[in-house]
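The values are calculated or read from the model by the stated rules, or taken from the named source; none is laboratory data. Being a predicted model, the structure only gives us computed values, none of them experimental. Counting neighbours? That spans all protein chains shown, and the Cβs are built from the backbone with ideal geometry, glycine included.
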């Protein structure tokens with residue numbers, strides 16, 4: 001789940017998520033470092049880590065996911081991508097979601113970050129579109145209401161007692177990252 005939570009709360013591209021490691025999540029500075037080697041654009045960027053992501057990372061650790069290595073294990077980019085596809089399939093089935101566009105969590109992040117921050121140049125930089133935020137403004141300016149933006153960045157993992165009840169059907173999704 002750390003990979004999916006990082007995707008949702010930091011807006012990296014799916015391929016970037018598959019290249020990231022836990023070392024890229026700097027909890028001291030509260031930022032995700034997407035290096036030039038990882039970034040699609042070849043330009044490094046830093047994205048703030050919201051407190052909700054910290055809560056998800058802590059919940060994953062409590063569930064037995066060690067914060068070492070890649071966010072999406074697999075040994076190669078192709079295998080990591082395959083693992084991500086399997087996780088998404090499991091999560092979609094459990095949630096009853098039929099349609100899932102390739103970068104749905106990235107686009108949701110963009111919509112909600114624009115609503116909450118109203119600083120399109122800053123959000124564009126987080127997404128790796130710093131040269132021209134006009135695309136961001138055109139696509140995401142009124143995609144969601146401001147209060148929905150704040151709610152997105154406040155989504156918390158279930159409490160440990162709730163997690164243990166709901167884990168029966170999703171142990172493989174939570175523990176595959178370990």
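Brief remarks on what is shown
Residue-by-condition table, conditions (1) under 19 Å from residue 109 (Cβ atoms); (2) modelled with pLDDT of 95 or more; (3) surrounded by 17 or more Cβ atoms within 10 Å (Cβ to Cβ):
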site: 32; (1), (2), (3): yes, yes, yes
site: 43; (1), (2), (3): yes, no, no
site: 47; (1), (2), (3): yes, yes, yes
site: 54; (1), (2), (3): yes, yes, no
site: 57; (1), (2), (3): yes, yes, yes
site: 65; (1), (2), (3): no, no, yes
site: 69; (1), (2), (3): no, no, no
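- Candidate set: region 133-154, residues that are outside any loop (DSSP other than H, G, I, E, B) and surrounded by 15 or more Cβ atoms within 10 Å (Cβ to Cβ); chosen: the one nearest to the chain's Cα centre (by Cα): 152
- Restricting region 97-107 to residues that are outside any loop (DSSP other than H, G, I, E, B) and out of contact with any helix residue (DSSP H, G or I) (no Cβ under 7 Å at 6 or more places or on another chain), the residue that is farthest from residue 128 (Cα to Cα): 104
- Residues of region 156-178 satisfying the condition of being modelled with pLDDT of 70 or more and either touching a strand residue (DSSP E or B) at 6+ places or on another chain (Cβ under 7 Å) or surrounded by 15 or more Cβ atoms within 10 Å (Cβ to Cβ) (or both): 157
- Scanning region 1-23 for residues that are out of contact with any helix residue (DSSP H, G or I) (no Cβ under 8 Å at 6 or more places or on another chain) and in contact (Cβ under 8 Å) with a residue 24 or more places away in the chain yields 16, 21.
- Residue within region 62-76 that is under 16 Å from the mean Cα position of the chain (by Cα) and closer than 30 Å to residue 138 by Cβ present: no
- The residues listed here are 130, 113; of these, the one that is in contact (Cβ under 8 Å) with a residue 60 or more places away in the chain, assigned to a loop (DSSP other than H, G, I, E, B) and either surrounded by 20 or more Cβ atoms within 10 Å (Cβ to Cβ) or in contact with a helix residue (DSSP H, G or I) (Cβ under 7 Å, 6 or more places away or on another chain) (or both) is 130.
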